[in-house]
1. By the scheme Lys and Arg +1, Asp and Glu -1, what is the net charge of all other residues having a beta-carbon under 9 Å from that of Glu39?
2. Counting only heavy atoms of protein chains, what accessible area per residue, in Å², does the stretch 71-171 have with a probe of 1.4 Å?
3. Using helices alone, what [θ] at 222 nm do you get for the chain, with -39,500 (n - 2.57) per DSSP H run of 4 or more residues, divided over all residues and rounded to the nearest 500?
4. DSSP loop trypsin sites (Lys or Arg not before Pro) in the stretch 93-195 with at most 15 other Cβ atoms within 10 Å of their Cβ, which ones?
5. Take the solvent-accessible surface of the protein heavy atoms, probe 1.4 Å, and return the percent of it on the stretch 57-107 that carbon and sulfur atoms account for.
6. Given Cα pairs under 8 Å that are at least 6 residues apart, what percent is the relative contact order of the stretch 1-80?
7. If you place +1 on the Cβ of every Lys and Arg and -1 on the Cβ of every Asp and Glu, how big does the dipole about the Cα centre of the stretch 93-138 come out, in debye to the nearest 20?
8. Remind me, relative contact order of the chain in percent, using alpha carbon pairs under 8 angstrom and six or more residues apart?
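The values are calculated or read from the model by the stated rules, or taken from the named source; none is laboratory data. Bear in mind that the values here come from a model prediction, so they are computed numbers and not experimental data. Note that each Cβ is placed from the backbone with ideal geometry, even for glycine, and that neighbours are counted across all protein chains shown. Keep in mind that these areas ignore ligands, DNA and RNA; they rest on the heavy atoms of the full protein, side chains included. Shrake-Rupley method; radii C 1.70, N 1.55, O 1.52, S 1.80 Å.
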Amino acid sequence: MQASYTGRPRDNYDLARAAQERATRYGSPVLQSLIASREARALSLMRDDAGARRRLADSMRLMERADRGRPCPDWAAFHGHAELDYAQGLAYTESGHHQRAVAFLRAALDNQDRTYGRNRALYRLTLARSLVACGQADEAASQATESLGHLEEVESGRVLRRLSEVTVLLSNVDAVSAQQAAKELTEYVQERNAA
């Protein structure tokens, strides 16, 4: 994943393929599903939408077999249906299908375990980003400001980058709710940086 965050999705894909070979030998469908979703993300970033959809479908099929084979390692316990909904939403938003993305991102948020605050913050901010792209400024503003409740428990560069991105998007929307949300998000970042 780090390779994708640093603009190297091909490296992400190659590493995920190598990990998939090992995961297959390990025999955990959940682990294989997690890695397949990472492959899909890399393919999506490389603009291979058909390949990304295939790997996401594979990932979903593997999750349906979660009760077979070895259990997943503890570090992969977060992976489940919410994570797959999020991956699908990301794929749609990156291909410019923001309205489709919104449905999956809402489902991801609805299905996410409350104990994963970082994921809840990331899902909510990603949903806000897609809502801005769909012209739904009021809901985007609401989702963005609600994400602040999850950020107190989070130290994630990825979430903070998404927060900055959403702040800029909202500040460019000519709506009172968007401007107010952008102000609130900016104040949060300033207070956090000062601490």
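1. Result for the local shell: +3.
2. 43 Å²
3. Value at 222 nm, helices only: -25000 deg cm²/dmol.
4. The qualifying sites are Arg114.
5. 52 percent
6. That works out to 33 percent.
7. Dipole magnitude for the stretch 93-138 comes out near 120 debye.
8. With pairs under 8 Å counted, the relative contact order is 14 percent.
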